[in-house]
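Encoded as structure tokens, the structure appears first; notes follow it.
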Amino acid sequence: MKKRCLTALLLAMMVSLSGCGGLTIGSSKEQAPKEEEPVVGQSYPQDAAQIVDTSRIPTELEGQGVFVQHWKEWDKATLPSQYLREMDDTALMLIEQVQNVTVSAAAPRAFDGIEHARINDLLRISLKNTPAIDFDMKLERNEDGRLIAESKRYPDHMLTKLLQNEQEEGRDLREFYYQEDVAAVYNHLFGSGRTLGFQDLCPKYYYYAREGVFAHKGEKVEPKVWPMLVQYQDGEKSVMVDLVLTEGNDPAKPLIYTSADGSIIELTADNYQKELAGEPVYRYTFRKEGENLHLDGIRQVGVLNKTCDAVVNLELPVKKEGPELKTPERLMVSSGKVQSRIDLQKVYKNTTASDYLMSLLGDARKVEGKAVSNVLAASGSDTMTLTLGYTEGEEVVLNVISKSYLPGIMESYVTFSLGSQQFLLPQEQYELLSVYIESCKAEDSASK
């Protein structure tokens, strides 16, 4: 008798543990997802006696979505307006390419080099372009008014069970996507330069790690983004296209544009010059890898001129004042793991190394306004740290980036930070600084 009781108790514990094992960390059931936290769904609890179909439901990728060049089939007469330039095949191809990597017509987040892009932005774009799993899902309300999920073809499939469980918990899921399909779309759009993290934040999606799927919450409505091209440059290794983002897909209706100040504008052939003059122009850079174009950067390169037929720079957001620095007694230069001491008493360019350094840094100009927090490091740029030493152990640290961009400015600059302040130098100054450092390294360099 005691032996039977013990066996029954062990079986009950095993069933209980199998149900808990279906919960993924960060379950949305226990805590509502915050805006800056990953959204991880709760898998359905499994009954040990229940047979669940875990097979993969077939999905087709290669013959649809971003794997097909739809622009070749577009009827040009039915396309929305392009007021800023004439269309050719390359322009049409680039319009579709930009549509594939853009989730809305709002100002895009800037980055230069795919390694600098935010993973959650790339994940959201990939999910937007991933075909949903096709499994005759049917949602109906029962006598109590609750949504019930059913599937005739896959009644015992894990996704049917998952959907049923989530509907009972009040989560309005509509579509599912296999994570390997999301990864395939990701690689097609962005290449292999950045590792995809499935549990990164992505609004309106749940991620179910055990089932290996994402699910969209509520009805999926995507804006009809229509890039208005200004110009493009088709190079050997990359393509750069400058554009303004609008919404619309009906040539009989005005395009919708959200201006830099947040105003909603209907664009027509009569008013586009007035409304778009001075508005931001964004450059999308795609690197060529075989027959594919992979997104490699987005940044604002200027604004439209008065006639909307050219891109011009914004006024450089700087003050005439330079950094307030005293002549240092010591200088250490750090680049990666290498540190070097500079002999400030050495004669250099008909002056001392210390005076030359102060003259070079004195040419810097202080960045002001919103641009201070929007300095963009260029892809492949080098960084170094200059530590200026003074008596009694006082030190001032300058963090230098060899090549940076400011929003609305086409050209690049050398930038360095001093505390919370940002300063810039003409791009050619970085070479002068590098030659100076190599020439004035002390014989007892810290790198030895």
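The values are calculated or read from the model by the stated rules, or taken from the named source; none is laboratory data. Please read these numbers as outputs of a predicted model, since none were measured by experiment. We place every Cβ from the backbone using ideal geometry, glycine too, and count neighbours over all the protein chains shown. Side chains included, ligands, DNA and RNA excluded: accessible areas come from the protein's heavy atoms. Shrake-Rupley method; radii C 1.70, N 1.55, O 1.52, S 1.80 Å.
Please build a GNM for the chain, connecting alpha carbons under 10 Å apart, and tell me which residue among Arg146, Arg118, Arg194 fluctuates the most.
The residue that fluctuates most here is Arg146.
Given the options Val347, Val185, Val397, which has the most mean-square fluctuation in a GNM of the chain, springs set between C-alpha atoms less than 10 angstrom apart?
Val347
Taking 20 °C and 1.002 mPa s as the conditions, I'd like the Stokes-Einstein D for region 361-409 in µm²/s, using the Kirkwood hydrodynamic radius from alpha carbon pairs.
On the way: Rh = 12.9 Å.
This corresponds to a translational diffusion coefficient of 167 µm²/s.
Mind putting a number on the dipole of region 316-448 about its Cα centre? Charges go on the C-beta only, +1 for Lys and Arg and -1 for Asp and Glu, and I need it in Debye to the nearest 20. All intermediate terms of the calculation are to be shown ahead of the outcome.
Values: 14 positive and 17 negative charges, 49 e Å.
For region 316-448, the charge dipole is close to 240 debye.
Report the percentage of all Cα-Cα pairs in region 92-132 whose separation exceeds 14 Å, rounded to a whole percent.
Summing the P(r) of region 92-132 above 14 Å gives 54 percent of all pairs.
Once you put a point 7 Å from the Cα of Val372 and another 7 Å from the Cα of Asp136, both along the Cβ direction, what distance in nm separates them?
About 6.3 nm separates the two model spin labels.
Would you mind checking the radius of gyration and Dmax of region 119-165 based on alpha-carbon positions, in Å?
Just the Cα atoms of region 119-165 yield Rg and Dmax of 14.3, 44 Å.
State the extension gain, in nm to one decimal, for the chain segment bounded by Gln421 and His70, taking 0.36 nm per residue of separation less the distance between their alpha-carbons.
121.6 nm
For the charge dipole of the chain, defined by +1 on Lys and Arg C-beta atoms and -1 on Asp and Glu C-beta atoms about the Cα centroid, which residue among Gln421, Ser263, Val244 has the Cα displaced farthest towards the positive pole?
Gln421
Regarding region 185-250, what whole-number volume in Å³ per residue does the convex hull of its Cα atoms give?
Values: hull volume 9.9 nm³, N = 66.
Looking at region 185-250, the number lands at 149 Å³ per residue.
As I understand it, the value is the acute angle between the Cα axis of helix 89-100 and the longest principal axis of the Cα atoms of the chain; what does it come to in degrees, rounded to 10?
Once rounded, one gets 70 degrees.
What lysines could a cross-link reach from Lys237, if we take a straight Cα to Cα line under 26 Å and drop same-chain neighbours fewer than 8 places away?
Lys72, Lys288, Lys403
On the protein heavy atoms, probe 1.4 angstrom, tell me the percent of accessible surface of region 65-200 carried by carbon and sulfur. If you can, show how the numbers build up before the last one.
Details: 2730 of 6470 Å².
After summing per-atom areas, the C and S share lands at 42 percent.
Using a 1.4 Å probe, how large is the accessible area of Glu60, given in Å² and rounded to the nearest 10?
Answer for Glu60: close to 110 Å² accessible.
Would you work out the Kirkwood radius for region 325-383? I mean one over the mean of 1/r across all pairs of different Cα atoms, in Å.
Kirkwood hydrodynamic radius for region 325-383: 14.1 Å.
Report, by chain and number, residues whose modeled amide H sits under 5 Å from the one on Gln231, excluding near sequence neighbours (fewer than 5 apart, same chain).
Excluding prolines and chain starts, which carry no amide H, the hits are Asp242.
In degrees between 0 and 90, to the nearest 10, how far off the longest principal axis of the chain does helix 158-168 point, with axes built from Cα atoms?
On a 0 to 90 degree scale, this one is about 90.
Can you give me the C-alpha center-to-center distance between region 237-296 and region 314-341, rounded to a whole angstrom?
38
In degrees between 0 and 90, to the nearest 10, how far off the longest principal axis of the chain does helix 179-190 point, with axes built from Cα atoms?
30
Which of these values of Cα extents along the principal axes in Å was calculated from the structure shown: [x] 82, 60, 40; [y] 67, 57, 43; [z] 97, 75, 40?
[z]
Per DSSP helix of 4 or more residues, -39500 (n - 2.57); summed, then divided by the residues of the chain. What does that give at 222 nm, rounded to the nearest 500?
Theoretical 222 nm ellipticity from helices: -6000 deg cm²/dmol.
Taking the Cα centre as origin and putting +1 on Lys and Arg beta-carbons and -1 on Asp and Glu beta-carbons, what dipole magnitude results for region 125-166, to the nearest 20 debye?
160
Between Ala117, Ala269, Ala107, which gets the highest mean-square fluctuation from a Gaussian network model of the chain, Cα cutoff 10 Å?
So, out of Ala117, Ala269, Ala107, the one fluctuating most is Ala269.
Taking the alpha-carbon distance from Lys337 and a cut-off under 17 Å, which aspartates and glutamates remain once sequence neighbours fewer than 8 residues away in the same chain are dropped?
Of all the aspartates and glutamates, those that pass the test against Lys337 - Cα under 17 Å, at least 8 places apart if same chain - are Asp382, Glu438, Asp444.
Order the following by accessible area, largest value first: Val98, Val52. Probe radius 1.4 Å; ligands, DNA and RNA are ignored.
Largest to smallest exposure gives the sequence Val52, Val98.
In Å, what Kirkwood hydrodynamic radius results for region 241-285 from the alpha-carbon pair distances? All intermediate terms of the calculation are to be shown ahead of the outcome.
Details: mean 1/r = 0.0886 Å⁻¹.
The answer is 11.3 Å.
Placing unit charges on C-beta atoms (Lys and Arg positive, Asp and Glu negative, everything else neutral), compute the dipole magnitude of the chain about its Cα centre in debye, rounded to 20.
Computed charge dipole of the chain: roughly 1100 debye.
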